[in-house]
1. Within the range 62-103, work out how many residues are in contact with a Ser or Thr (Cβ under 9 Å, 6 or more places away or on another chain) and of a type in the set (S, T, N, Q).
2. Give me the strands (runs of 3 or more DSSP E) completely within the range 1-80, filtered to those with at least 3 residues that are touching a helix residue (DSSP H, G or I) at 6+ places or on another chain (Cβ under 8 Å) and open to solvent by less than 20 Å² (accessible area, probe 1.4 Å), ordered by residue number.
3. Does any residue of the range 189-197 turn out to be open to solvent by 60 Å² or more (accessible area, probe 1.4 Å) and within 28 Å of Tyr9 (Cβ to Cβ)?
4. Report, ordered by the first and then the second residue, all pairs with beta carbons closer than 6 Å, sequence separation of six or more or different chains, a first member in the range 162-178 that is modelled with pLDDT of 90 or more, and a second member that is open to solvent by 70 Å² or more (accessible area, probe 1.4 Å).
5. Answer yes if at least one residue in the range 207-220 is more than 20 Å from Leu109 (Cα to Cα) and either under 22 Å from the mean Cα position of the chain (by Cα) or in a strand (DSSP E or B) (or both), and no otherwise.
6. Considering the range 233-276 alone, what residues qualify as being closer than 30 Å to Thr58 by Cβ and either in contact with a strand residue (DSSP E or B) (Cβ under 6 Å, 6 or more places away or on another chain) or not in a loop (DSSP other than H, G, I, E, B) (or both)?
7. If you take the residues of the range 277-326 that are among the acidic types (Asp, Glu) and under 26 Å from Tyr60 (Cβ atoms), which of them is surrounded by the fewest Cβ atoms within 10 Å (Cβ to Cβ)?
Amino acid sequence: MEIDKVYFYLQDDYSIGAYHAFEHLLCTSIDQVINSELFEQFGIIYEAETFIGGIVLTFYLSVDSKNLVIEDVVEKATNNVKNLQRSAIDNELRIIKSENHLDELNDELWVLYESLFSVFDRNVDELALNPNSSEVGNLLKLVPSRFTKIRDGSATCSIMATNINSQKHKMQIVSRNGFDAISIPLTIVNTKDLVEMYFLNFVIGIKIHNFIEKIYLKPRQQYLGYSQILLVGNQIVFQILVQNEKQEKNDWGKLFNKDAMFEFLSENFKKNKACFKTYLQAYVTRTQILEQAAFLSTIADYSKILSLVNDLTLESVCVTAVNEISTRLGRRDDD
């Protein structure tokens, strides 16, 4: 099966809501294209999502087309959208207004999203804003229909994008509504670093009796705390969220200091590595980690990722993953 990712990266001149409207309109056009006689033989199915980084389209097809079919589909659909009448845009905006009404965030997600949005100099309130037809119409005229090939995934995950955002992002910490959320844009450069960061994520906030539970939750009699790794646009982000009902002012650099993490990692390292390999295959989808790896390596290969798990050492994890997280949290201004 071939998997192709197409990104429309968010530009500062337009709101997330405008891109959300563009996603709706583009999907209607894509449906028309893939159901046409020219493309119906490929059995294409797809997913679409709009978030901070922009629009992500994920296409699946059972034949190997070397991305050419999907490039053709998206180019045709994008060009068709540019010619839509204002009445079609207005109709879609009414549907989006109804959707926004249903997508209200709870306190936990609001804080998590607020820290993440701040990394990208965006306001989480944008999620609830309804775009106007004039903004959407202007965006449709400017969105390019041709793409830059970022990675060829060799039957794993190929990636195409309208433009690449190379902006440097800063770590953000938000305390609100009884939660603390930390978003750290990572500087990892290859698949080996990514696997080591995933292992650290597993030990810090995923596995039973994890690091967050030991150093934060149990001493404060709090229940909820976890970590996760996200790909937003073309930036990989490490997130931590903890319950903080008393709204304490936490020194995260002190809590996540290098010595404390090293000591915790040293305990049962061999067992944790074996459990991590099981977790990676059971809970992290191939598409997710291959997509992230594709931004870092020429070819994203799942068997290589699993072999890198076997090669994990305490020293290598500490040199890359532990050092980055502890250093960033210990440097408050993150300059």
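1. Number of matching residues: 4.
2. Counting at least 3 such residues, we get 2-9, 54-61.
3. Checked the range 189-197: at least one residue is open to solvent by 60 Å² or more (accessible area, probe 1.4 Å) and within 28 Å of Tyr9 (Cβ to Cβ).
4. Asn177/Asp107; Gly178/Glu245
5. Checking the range 207-220: at least one residue is more than 20 Å from Leu109 (Cα to Cα) and either under 22 Å from the mean Cα position of the chain (by Cα) or in a strand (DSSP E or B) (or both).
6. Of everything in the range 233-276, those that are closer than 30 Å to Thr58 by Cβ and either in contact with a strand residue (DSSP E or B) (Cβ under 6 Å, 6 or more places away or on another chain) or not in a loop (DSSP other than H, G, I, E, B) (or both) turn out to be Gly233, Gln235, Ile236, Val237, Phe238, Gln239, Ile240, Leu241, Cys275, Phe276.
7. Asp301
A quick yes/no check of all residues on (1) in contact (Cβ under 8 Å) with a residue 12 or more places away in the chain; (2) in contact with a His (Cβ under 9 Å, 6 or more places away or on another chain):
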position	(1), (2)
Thr50	yes, yes
Tyr60	yes, no
Val63	yes, no
Lys76	yes, no
Arg94	no, no
Asn100	yes, yes
Leu116	yes, no
Leu129	yes, no
Ser134	no, no
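The values are calculated or read from the model by the stated rules, or taken from the named source; none is laboratory data. Just so you know, these numbers come straight off a predicted model, no measurement behind them. In this analysis, Cβ positions are derived from the backbone assuming ideal geometry, glycine residues included, and neighbour counts consider all displayed protein chains. Heavy atoms of the whole protein, side chains included, go into the accessibility calculation; ligands, DNA and RNA do not. Shrake-Rupley method; radii C 1.70, N 1.55, O 1.52, S 1.80 Å.
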